[in-house]
Amino acid sequence: MTRVLGHLGMLGLSQVGVTVAAFATQIVLARSLPPAAFGTFTAALAVVSLTAPLAVFGVSELWLQRFGQEGERAYRWVRPSLRLVLIACVLLVAGTLAWSGAEMHDPAEGGVRALLASVVVAQAGLALVASVQQLRGAYAGLSALQAAPHLGRVLVVLAVWLFGFSVVVAAAGYALVALLTVVACAVVMRPFLRGDMPLEGHAAATGPPGPAVPVTAVARAATPFVLGNVFYLLGIYLGTVTVAEVRGPEAAAVLSVPMSVLTAVYLVPRVVFQQYFLAKLHRWSQTDRGAILMAYRYGGTGMFVLGVVIAALVALGGMPVLPFLLGREYAESAAVLAVLALAIPFRFAGAAVASLLTSGGLLRRKVAYQGVGALVFLVALAVATPLWGIMGAAAATVAAEIVLCVLFWTAVRRRVVGDAELPSWHDLRQRLPRRAPRAS
């Protein structure tokens, strides 16, 4: 149990660093650049970030699933998966460069878009390495590698602030950080690519992994994962993009700051269920139904309660803090953050129960529900943003999170838990010492 808490603590501290670094870059850039330039930068970064799931094409989640089910035999999926990621990255970078070339009337905006294309490849590399480090149980390395790019971005924006650099120079700094990130990811992944990396929770292979899987088979297996990631990021970035188109870059700048806070808070359930427990849940779904029932009863409820506490802290703390840090022109951001905070408990609880759909053979159903949530968000944005502007976009975000959480929770209760008797608190206390060696 001590090792479990230690690993979660390392991941948590890493995400605290990521949260602080991400928020610091928003504050410094907002202070250093004119609102229009800041809005241009954040809108371009939001669009580029939306393409990241297409670049990694769900391969990172596919690795967790296949290695959880097959052990070391799943190495046969690795090289075909990487070929698929390479093809996707090349196509997306080319598309982003073409998009930047369309801004011939504004060279600065076109340059920002072109330079930020490198972020696509860096985010794909980080996603792949995150899965590799989970499979080997190297949570300290995972924590460090996740935090490093954000610290590099902090150095970039500090240079922009100190020397008065332009928005194009800021984008060039982000591109340099992305390049260094890709190099670091390649170094970390070398033992995994050779197929001789030990896997946490699995015995050593007794024979060859078998013939390599065709790339087309990888694409079919990974498609539900990539769709799920696209739907997730639509909820994070589509509001900013829509506000930029409907109300202009200044309005996008006002929304981007509270959305960056919300994105940082959303890292909490991703740490617990995506970066630590997901690989284990895939194993437990094959061997230990009791552990799955524990995760349902105490994971979902516990994350909802934690989300309520964090939402209150975010809403109350944002009122005085955001205007103080960003200036009077961003005073509206505090009120927007208070509305967005209502989505936090539903995102926390939804992430907890959604992980049980992913590991319980109901991935396609989960993705279908995410598609419904994205559709609700899109319709709500289309109606609310022209009418109420930034507040309308914030309300649409909350509505979509509530719908998605209800869909996830209902599906898990019916299709994963069923008529099973839920474990008591006494059962949990009895199991924890026994589960600790396998969970570590």
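The values are calculated or read from the model by the stated rules, or taken from the named source; none is laboratory data. Since the model is a prediction, treat every value here as computed from it, not as a measurement. Cβ sites come from the backbone with ideal geometry, for glycine too, and all protein chains shown count toward neighbours. SASA here: full protein model, heavy atoms, side chains in, ligands and nucleic acids out. Shrake-Rupley method; radii C 1.70, N 1.55, O 1.52, S 1.80 Å.
From the residues in the range 297-314 that are open to solvent by less than 20 Å² (accessible area, probe 1.4 Å) and over 22 Å from Leu142 (Cβ atoms), which one is modelled with the lowest pLDDT? It comes out as Gly300. Of all residues in the range 369-381, none satisfies being part of a helix (DSSP H, G or I), within 25 Å of Ile27 (Cβ to Cβ), in contact (Cβ under 8 Å) with a residue 24 or more places away in the chain and open to solvent by less than 10 Å² (accessible area, probe 1.4 Å). Residues that are out of contact with any Ser or Thr (no Cβ under 6 Å at 6 or more places or on another chain), of a type in the set (S, T, N, Q) and open to solvent by less than 20 Å² (accessible area, probe 1.4 Å) were ranked within the range 1-41; the one that is modelled with the lowest pLDDT is Gln15. Please work out if Ala46 is modelled with pLDDT under 80 and open to solvent by less than 10 Å² (accessible area, probe 1.4 Å). Criteria met by Ala46.
One line per residue, one yes/no per condition, for (1) at pLDDT below 85; (2) within 18 Å of Val48 (Cβ to Cβ); (3) of a type in the set (Lys, Arg); (4) assigned to a helix (DSSP H, G or I):
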| position | (1), (2), (3), (4) |
| --- | --- |
| Ala124 | no, yes, no, yes |
| Trp161 | no, no, no, yes |
| Val168 | no, yes, no, yes |
| Val177 | no, yes, no, yes |
| Ala186 | no, no, no, yes |
| Glu200 | yes, no, no, no |
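Would a scan of the range 277-292 turn up a residue that is at pLDDT 80 or above and surrounded by fewer than 19 Cβ atoms within 10 Å (Cβ to Cβ)? So far as the range 277-292 goes, no, none of its residues is at pLDDT 80 or above and surrounded by fewer than 19 Cβ atoms within 10 Å (Cβ to Cβ). For the range 115-133, the criterion of a residue being surrounded by fewer than 21 Cβ atoms within 10 Å (Cβ to Cβ) and over 18 Å from the mean Cα position of the chain (by Cα) is satisfied by no position. Examine the range 77-86 for a residue that is part of a helix (DSSP H, G or I), over 17 Å from Arg220 (Cα atoms), open to solvent by 10 Å² or more (accessible area, probe 1.4 Å) and of a type in the set (Phe, Trp, Tyr), and state whether such a residue exists. No: zero hits. How many residues, within the range 149-202, are in contact with a Lys or Arg (Cβ under 7 Å, 6 or more places away or on another chain) and either farther than 18 Å from Ala24 by Cβ or surrounded by fewer than 18 Cβ atoms within 10 Å (Cβ to Cβ) (or both)? Residues meeting the conditions: 6. Leu422 fulfils the conditions (1) among the aliphatic types (A, V, I, L, M); (2) at pLDDT below 90; (3) part of a helix (DSSP H, G or I) except for a single criterion, (3). Hey, could you check the range 230-269 for residues that are assigned to a helix (DSSP H, G or I) and aromatic (Phe, Trp, Tyr) and say which is farthest from Ala127 (Cα to Cα)? Here the answer is Tyr237.
I'd like to know if the range 91-108 contains one or more residues that are charged (D, E, K, R), part of a helix (DSSP H, G or I) and open to solvent by 30 Å² or more (accessible area, probe 1.4 Å). Scanning the range 91-108 turns up no residue that is charged (D, E, K, R), part of a helix (DSSP H, G or I) and open to solvent by 30 Å² or more (accessible area, probe 1.4 Å).
One residue alone among Val59, Val85 is over 22 Å from Leu155 (Cβ atoms) and touching a Ser or Thr at 6+ places or on another chain (Cβ under 7 Å), and that residue is Val59.
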